[in-house]
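First comes the structure, then the notes that go with it.
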Amino acid sequence: MLTTLRIKNLALVEDLVLELPPGFVAITGETGAGKSIILGALKLLLGERADRSLIRAGCEHCAVEAALDAGALGPRVPEFLQQHGLEPCEGGQLLLRRSFTAAGANRQFINGSPVSLSVLAALGEWLVDMHGPHDHQSLLQPARQLDILDAFGKLEKKREIFAALLGRRARLEQEKAGLIVDERTYRQRLDLLRHQTREIAEARLQPDEEQTVEAEYHRASNAARLAELGGQALELLGESDASLQSQAGSLGRLLQELRRLDPSTGGWAEAQAQLGAVLGELQMSLRHYTERLELDPDRLRQLEERLDLLQSLKRKYGRDLAEVIEFGRRAARELESLENRGTELERLDRELAALDQELRAAGRDLSAQRRRVAPELGKLVSRQLAELGFKASRLDAQIETDPALETQPGAAPAAGFDRCEFLFAPNPGEPARPLRAIASSGEMARVMLALKTVLAVEDQVPVLIFDEVDANVGGETANAVGEKMARIARRRQVLCITHLAPVAAAAGAHFAVTKEAKDGRTISRIERVDKTARLAELARMLGGGAAAQQHARALLRQPRAAGRPEN
């Protein structure tokens with residue numbers, strides 16, 4: 001659940017910290033007081049694009065922060081954090097932060113780690129389900145109705161299986177399309193691949209040979225100078241009367257005599273003996289090195305040509321020889337595939353036919369499951385609608401399967417072969433007709449609330465927000481709307497921005513938004529109201545006066561909905 005929301009320099013809000021309890025939370029206030037700012041702040045935290053005009057006048061930046069109870073988020077959020085390399089929740093809280101400046105700088109963080117806007121939005125889908133005055137219009141779309149039916153029937157896995165099969169089929173079709181080209185293009189491609197594979201194969205490349213060739217070329221191109229330096233070193237070591245070896249011998253005799261006269265100097269003679277051995281080994285190594293040096297112009301030319309070939313192949317086929325070799329392997333596979341085009345096409349056709357059979361089976365299974373759960377969804381929603389004022393209404397989930405898609409399953413969308421249409425009969429004796437054809441905005445809001453009540457058990461999103469979805473309802477229906485929201489709040493946190501006193505009175509916690517002037521500026525405040533303050537706010541919503549006061553008291557005295565926390 002959402003425990004803390006902080007808003008700084010956003011529209012009319014200067015600096016606001018909101019501590020939210022669990023359960024059903026109502027937010028009320030006069031039109032223009034700033035209730036929508038709370039919704040806007042949450043949308044920013046859920047990845048909505050930032051509008052710089054929202055920054056409070058005279059300020060350079062704004063920021064929004066939220067803390068959510070990690071224990072109520074379920075296993076999917078920790079998995080999401082791990083998959084994206086983000087810090088785990090500490091202290092039992094998930095922390096979100098978003099800031100942007102008038103200059104256009106935009107930053108967002110999850111548990112202190114910077115993230116892209118798309119990652120923040122992806123996480124937001126697991127955290128908050130938001131419904132505004134027009135969001136229930138999505139219920140008019142058959143695709144959305146199919147999503148609702150599948151969520152109710154727990155059919156998401158079957159949809160994923162079907163979509164995965166469809167993805168495999170698309171890849172096979174793409175592979176097949178690569179083989180079906182006109183004859184001229186086919187011949188040109190064959191010639192190119194043959195040239196590429198031949199050129200790479202004839203080079204007989206080794207992944208690490210470039211360094212070896214470069215080292216040998218460097219030695220060969222400097223062979224004369226290397227021989228000169230080696231000869232000079234040998235002369236100093238032992239091939240002249242003044243060589244180091246001769247000097248070392250004289251030094252050794254002196255030290256031996258010194259040790260004979262003073263045994264304490266024996267270590268020096270031993271050190272000289274070791275020095276002589278080292279000089280001898282160095283002399284042998286240098287002689288061997290200079291003897292191996294070749295002043296061979298032909299070899300130098302061969303090395304130059306090899307390096308030129310390696311550079312040419314890298315320019316054409318890869319950044320290094322390993323990439324060139326891999327390019328040659330891929331080209332060889334494609335060449336083999338094209339040279340055996342007929343055989344490859346037959347193989348692909350067999351695989352596509354087998355995959356079509358799998359798609360038909362998966363699609364028909366999905367259709368059968370939808371037909372199984374559709375009557376149950378309609379029955380439960382109709383029962384909820386009866387409690388919302390539609391005493392004898394009926395909602396049916398009608399499933400239509402497209403036979404053409406069963407014949408050609410590769411043309412199906414990822415959701416399968418079916419189209420779902422919610423049929424609604426608000427009054428007894430009337431035929432059920434498509435929801436989009438007859439429902440008013442008030443009816444739509446109640447249908448959505450009924451669906452949310454039914455789906456509350458299956459829905460794992462921990463925070464549900466309603467923004468004035470109770471518009472165009474009143475009387476006993478308003479009481480029922482409040483009771484439904486309180487019932488949903490038994491399983492998740494519900495935040496409702498409302499103008500209806502019966503809905504606000506059903507909440508376990510009530511916050512009022514007000515607007516005031518400070519230092520010549522308008523600011524919005526939001527405070528939790530209890531007892532007298534809550535009574536006054538409900539009376540204001542009811543029109544004010546003594547009668548409104550009595551009505552407000554009556555609303556607060558009504559039995560509380562199951563699961564609604566006490567004030």
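Figures for the structure shown
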| item | result |
| --- | --- |
| Ordering of 376-384, 56-64 by packing [mean C-beta count within 10 Å, highest first] | 376-384, 56-64 |
| Three-way shape label, the stretch 246-342, alpha-carbon gyration tensor, a/c 1.5 | prolate |
| Charge tally in the Cβ shell below 12 Å around H218, where Lys, Arg are +1 and Asp, Glu are -1, H218 excluded | -1 |
| Residues of type lysines that K316 reaches as a straight line, Cα spacing below 28 Å, ignoring anything fewer than 8 places off in the same chain | K176 |
| Charge dipole (the chain, unit charges on Cβ, about Cα centre) - positive-most of L254, L464, I7 | L464 |
| Karplus-derived HN-Hα couplings along the stretch 266-273 (A = 6.51, B = -1.76, C = 1.60, θ = phi - 60°), whole Hz, x at Gly and Pro | x, x, 5, 5, 5, 4, 5, 5 |
| Relative contact order for the chain, counting Cα pairs under 8 Å that sit 6 or more residues apart, in percent | 22 percent |
| Cα shape, the stretch 24-146, gyration tensor, a/c 1.5 rule | oblate |
| Anchor K518: lysines whose Cα lies under 18 Å away (excluding residues fewer than 8 positions away in-chain) | K8 |
| Mean-position separation - Cα centroids, the stretch 368-391 and the stretch 308-346, in angstrom | 60 Å |
| Estimated 222 nm signal from helices in the chain, with DSSP H stretches of n ≥ 4 weighted -39500 (n - 2.57), rounded to 500 | -18000 deg cm²/dmol |
| Local electrostatic count at R97 - Lys and Arg +1, Asp and Glu -1, tallied over other residues with Cβ under 10 Å | +2 |
| Euclidean distance between Cα centres, the stretch 16-68 to the stretch 414-433, Å | 37 Å |
| The chain shape via C-alpha gyration tensor axes, a/c threshold 1.5 | oblate |
| Environment charge at I325 (Cβ cut-off 14 Å; Lys +1, Arg +1, Asp -1, Glu -1) | -1 |
| Percent of beta bridges antiparallel (DSSP, the chain, rounded to nearest 5) | 75 percent |
| Sequence-distant aspartates and glutamates (8 or more away, or on other chains) whose Cα lies within less than 18 Å of K391 | E430, E443, E476, E483 |
| Entries of K43/K484; K452/K515; K157/K379; K157/K484; K35/K452 with Cα pairs more than 27 Å apart | K452/K515; K157/K484 |
| Label-to-label distance, nm, for residues given as A143 and A164 (7 Å Cα→Cβ offset) | 2.3 nm |
| Cα→Cβ-extended label distance, 7 Å offset, between R433 and E400, nm | 1.6 nm |
| Inter-centroid distance (Cα atoms) of the stretch 92-110 relative to the stretch 167-205, Å | 48 Å |
| Student exercise, the chain dipole from Lys, Arg, Asp, Glu Cβ charges, in Debye to nearest 20 | 3080 debye |
| Positive-end extreme of charge dipole, the stretch 203-334 - chosen from V213, L303, Y317 (charges on Cβ) | Y317 |
| For the stretch 203-334, size of Cβ-based charge dipole, Lys and Arg +1, Asp and Glu -1, in debye | 400 debye |
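Each reported figure results from applying straightforward, stated rules to the coordinates on display, with no laboratory input. Please read these numbers as outputs of a predicted model, since none were measured by experiment. Note that each Cβ is placed from the backbone with ideal geometry, even for glycine, and that neighbours are counted across all protein chains shown.
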